[in-house]
Structure formats: structure tokens, C-alpha cells
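Notes for the one structure printed next.
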Amino acid sequence: MASSSIPTSSSTADRIAQARRKIERACRIAGRDPASVVLTAVSKTQPDDQIEAALEAGQRVFGENRVQEAQSHWASRRATPGLELRLIGPLQTNKAVDAVALFDVIETLDREKLAHALAEAAQKQGVPPPKLLIQVNTGRESQKSGVEPEDLPALLGAARVLNLDVRGLMAIPPADQAAGPHFALLARLAARHGLKELSMGMSGDYETAIRFGATHVRLGTALFGARNAM
Ligand SMILES: *Cc1c(COP(=O)(O)O)cnc(C)c1O
């Protein structure tokens with residue numbers, strides 16, 4: 001079972017502690033309250049022992065990319081006190097019901113059709129609409145999901161008509177560009193629309209994201225080591 005490529009439990013705890021220290025330091029440098037930045041542990045593709053190690057280390061906020069994988073990771077652990085599950089991968093409308101049932105927050109609203117599906121899913125289940133972030137394609141990459149910046153106002157308007165609970169914005173900057181300008185754009189858009197949450201920054205650039213106002217940083221490899229290919 002044991003594989004040398006999988007870090008041990010203690011090293012997962014160490015990495016989480018180290019990431020928390022770096023978040024605190026970045027906050028101090030930026031003159032921000034460390035409590036204003038939430039560490040989301042991205043548990044996609046991770047084996048059970050890594051998830052258990054993170055939970056044992058006190059980590060409670062987790063991000064997942066796929067509904068089905070998230071169900072297999074979390075269905076049996078959903079009752080963990082304080083657990084918050086965030087969907088950070090693209091969502092198909094036919095998975096809206098399952099997503100609403102499992103996740104506390106869906107960060108990847110990016111089209112009106114999905115807004116309708118989420119509103120309908122919540123109504124059907126008799127639950128309040130999920131907390132949402134809108135994913136913005138700040139780099140206008142054709143292969144990346146997310147609403148184009150100029151289409152954000154229309155999507156926000158549609159979500160508000162549906163009484164959806166939009167809390168903020170999320171983005172994944174292009175891999176081949178400096179992330180700072182993308183974080184700055186996302187922060188400007190959020191401020192313009194009165195949105196408080198900013199999910200931005202991954203293992204390679206979360207300290208920069210904190211400088212630009214991130215409230216949620218999404219860390220995978222920094223906490224768990226390299227992922228196996230999905
Ligand atoms: C996988 C993933 C992450 C984590 O990336 P790392 O570079 O491993 O920290 C963050 N956000 C999203 C949307 C992801 O898909």
C-alpha cells in the first residue's frame with residue numbers, strides 16, 4: 001500500500017502548518033488580518049490517508065473539482081463538525097442536484113443556464129440556494145471556463161433575479177502569465193459589484209493573491225505534494 005511518492009501523515013500536517021504560516025506572513029506584509037484569508041485544501045485525486053491526515057491536522061475547508069469524486073471522498077465524512085466543501089471545478093447542469101446536495105459553496109457559476117439549474121435544484125430539495133462564486137475567465141482563454149469579464153454584470157443580474165446567493169468571484173489566471181494583473185482585475189470586478197469573497201491563488205502564487213485581496217486561497221500540491229494525473 002505505502003508508496004514513496006505519497007507523503008506521510010506527519011508531513012501533510014507539517015505542510016498545512018507551513019502554508020498557514022506563509023499565509024499569516026503574507027497577511028502581515030499586506031497589512032491584512034490573517035483571519036481574513038481562508039485556506040481551502042484541494043483534495044482532488046488524494047487518497048484517503050491524505051484526507052484523514054488533513055482532517056487530523058484541523059483542516060476543515062476543502063475544495064474538489066468533480067462532483068462524483070467529491071462524493072466518494074466526502075459522503076462518509078460529511079458530518080465532520082465544521083466541515084466546509086467547496087466545488088472548484090466546472091459543473092454540468094445535469095450534476096446540479098448532486099452538487100447542491102453535497103457542497104456548501106459552488107465557486108464555478110459561469111453561465112445563466114447553470115444559474116437556473118442550481119436555483120431549480122435547491123427548490124426541488126427544499127434547501128436554501130447554495131452560496132456561489134462566479135468564475136471569471138480573466139485571461140479570456142478559450143479552453144478555460146468562466147464568464148468573460150464584460151459578461152459578468154448580465155450573469156450577476158440573472159443570478160439575483162433567481163434569488164441565488166452570490167458571495168464573490170473566483171479565477172484561475174493563465175498558467176503562462178504573471179498572476180498579479182489577473183488578481184487585480186478580479187478584485188476590481190468584485191469591488192465594483194459589492195462582492196466580498198475572492199477565491200484566487202494556488203500553490204504557486206497564493207502569497208501574491210493575498211497581496212491583491214484574496215479571501216480564499218486554494219492549495220493542492222503545497223499541502224499534499226504532487227498529484228497523480230487525473
Ligand atoms: C487543482 C486546483 C487547485 C490547486 O492547485 P495547486 O497548484 O495544486 O495548488 C486550485 N484551484 C483549482 C480550480 C484547481 O483545479
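Qualifying GluC sites (Glu not before Pro) in the range 102-186, where qualification requires a DSSP coil assignment and no more than 15 other C-beta atoms within 10 Å, comprise E141. Only helices enter the 222 nm calculation for the chain: every DSSP H run of n ≥ 4 contributes -39,500 (n - 2.57), and dividing by all residues gives -12000 deg cm²/dmol, rounded to 500. For the range 110-165, with all protein chains in place and a probe radius of 1.4 Å, 50% of the accessible heavy-atom surface sits on carbon or sulfur.
Calculate the length of the line joining the C-alpha centroid of the range 24-45 to that of the range 62-103, in whole Å. Result: 22 Å between the Cα centres.
For the range 1-118, the dipole from Cβ point charges (+1 on Lys and Arg, -1 on Asp and Glu) about the Cα centre works out to 380 debye, to the nearest 20.
Positive contributions from Lys and Arg (+1) and negative ones from Asp and Glu (-1), summed over other residues with Cβ under 15 Å from the Cβ of S76, come out at -3. For the options G139, G220, G58, a Gaussian network treatment of the chain with springs between C-alpha atoms closer than 10 Å singles out G58 as fluctuating the most. Convert 10 °C to kelvin, take the viscosity as 1.306 mPa s, use the Kirkwood radius over C-alpha pairs of the range 107-230 as Rh, and evaluate the Stokes-Einstein diffusion coefficient in µm²/s, rounded to a whole number. Translational D for this selection: 105 µm²/s.
All distinct Cα pairs of the chain go into the 1/r average, and the inverse of that average, the Kirkwood radius, is 18.0 Å. GNM, the chain, Cα, under 10 Å: largest mean-square fluctuation among S43, S199, S142? Judging by the Gaussian network model, the answer is S142.
The alpha carbon gyration tensor of the range 1-136 gives principal lengths a ≥ b ≥ c with a/c of 1.5 or higher and a/b no greater than b/c, which makes the shape oblate.
The local environment of F62, defined by Cβ-Cβ distances under 14 Å, has a net charge of -1 under the rule Lys, Arg +1 and Asp, Glu -1. What the chain shows is 47 Å² of accessible area per residue, with the surface traced by a 1.4 Å probe over protein heavy atoms. Taking Cβ atoms as reference points and 14 Å as the exclusive limit, the residues near D205 contribute a net charge of +1, counting Lys and Arg as +1 and Asp and Glu as -1. Mind telling me which of A13, A54, A154 comes out most flexible in a GNM of the chain, alpha-carbon contacts under 10 Å? Among A13, A54, A154, the largest mean-square fluctuation in the Gaussian network model of the chain belongs to A154. Please compute the Cα-Cα pair-distance distribution of the range 57-138 with 5 Å bins starting at 0, giving whole percents from short to long. It works out to 3, 15, 28, 25, 18, 7, 3, 1, in whole percents.
The values are calculated or read from the model by the stated rules, or taken from the named source; none is laboratory data. Fair warning: this is a prediction, and the values are worked out from it, not measured in the lab. Glycine gets a Cβ as well: all are built from the backbone with ideal geometry, and neighbour counts include every protein chain shown. Side chains are part of the model used for accessible areas, which takes the heavy atoms of the whole protein and leaves out ligands, DNA and RNA. Shrake-Rupley method; radii C 1.70, N 1.55, O 1.52, S 1.80 Å.
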